[in-house]
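The structure appears below as structure tokens.
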Amino acid sequence: MTLSHDITPQRMRTVLGHFATGLTVVTAHDSTGPVGFTCQSFTSLSLEPPLISINPTKGSSTWPKIRQLGSFAVNILPAGSEQLALDFSRKGIDRFDRVDWEISAAGHPHLGGALAWVDCELEAEHEAGDHSIAIARVHRLEAAEAGGHPLLFFKGGFLPLAAELAAEAASSVHQLPRRIGRDEPGRNEQRASAGQDVLSA
Ligand SMILES: Cc1cc2nc3c(=O)[nH]c(=O)nc-3n(C[C@H](O)[C@H](O)[C@H](O)COP(=O)(O)O)c2cc1C
């Protein structure tokens, strides 16, 4: 068993990266214009009352602006929006430059092409290590009529298309499972190094 003093941030990323998630962009609009950041840690938290949660990193410069506004939208990203997810995590660029967006009735930027949009109001925020747990009440939510598949994140990278995954699975079907060694990067981490440095714990 791994002892707690062996649990490095890198090992947390490598092992917990086996839990696949979707990806979102959290957006709001202040007096200077639209603000937003890519966010993996989105959860549907409670149905009654309707609550969602996200985990902003303490190093974020965007989250304090959104916290100050007290309300935001969560845009659920579709397959094929890898570049958008990377753009909304980069500093020194206009993150909204290469995407269509409109202001929702609730006053938040909704990104074109999203699978769904959730407008919500911040209710509580709890400290949690190098992140926080922000809980927000859902006021409006809507899914795109066109439907579509989600953008998925797995082992520090974007999940490849299903066909590629199926081919990988078929070629490894007779192999015994092997445990990832200490701090050994997963395969997807090599594919998408941009994601691995910003993985939320
Ligand atoms: C795939 C991916 C997932 C991310 N998930 C989160 C997250 O759950 N929470 C978070 O605070 N930042 C997350 N980030 C990092 C933010 O998008 C952003 O880089 C960070 O907040 C710093 O930018 P800022 O200073 O504008 O906030 C993620 C980035 C990527 C690429």
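Only the coordinates and a few stated rules stand behind these numbers; no lab work does. A quick note: this is a predicted structure, and the numbers were derived from the prediction, not measured. Virtual Cβ from ideal backbone geometry, glycine too; neighbours counted across all protein chains shown.
Taking Rh as the Kirkwood radius, which is the inverse of the mean 1/r over Cα pairs, what is the Rg/Rh value for the stretch 3-62?
Values: Rg = 15.4 Å, Rh = 14.3 Å.
Radius of gyration relative to Kirkwood radius: 1.08.
Net charge near Pro78, counting Lys/Arg +1 and Asp/Glu -1 over other residues with Cβ under 14 Å of its Cβ?
Working: positive: none; negative: Glu82, Asp100, Glu145.
So the surrounding residues net to -3.
Quick one: what are the phi-derived ³J(HN,Hα) couplings along the stretch 111-128, Karplus 6.51/-1.76/1.60 with θ = phi - 60°, whole Hz, x for glycine and proline?
The phi angles translate into 7, x, x, 5, 6, 6, 10, 10, 9, 8, 10, 5, 10, 7, 9, 10, 5, 8 Hz.
Let a ≥ b ≥ c be the square roots of the eigenvalues of the Cα gyration tensor of the stretch 73-152; is it rounded (a/c under 1.5), or, if not, prolate (a/b larger than b/c) or oblate?
Numbers: a/c = 1.62, a/b = 1.20, b/c = 1.35.
Oblate.
Under the Karplus relation 6.51 cos²θ - 1.76 cosθ + 1.60, θ = phi - 60°, what is the ordered set of whole-Hz ³J(HN,Hα) values for the stretch 134-139, x standing for Gly and Pro?
Working through the residues one at a time gives 9, 10, 10, 8, 7, 9 Hz.
As a test of understanding, state the convex hull volume per residue of the stretch 1-116 from its alpha carbons, in Å³. Spell out each step's value before the answer.
Numbers: hull volume 17.7 nm³, N = 116.
Normalising the Cα hull of the stretch 1-116 by residue number yields 153 Å³.
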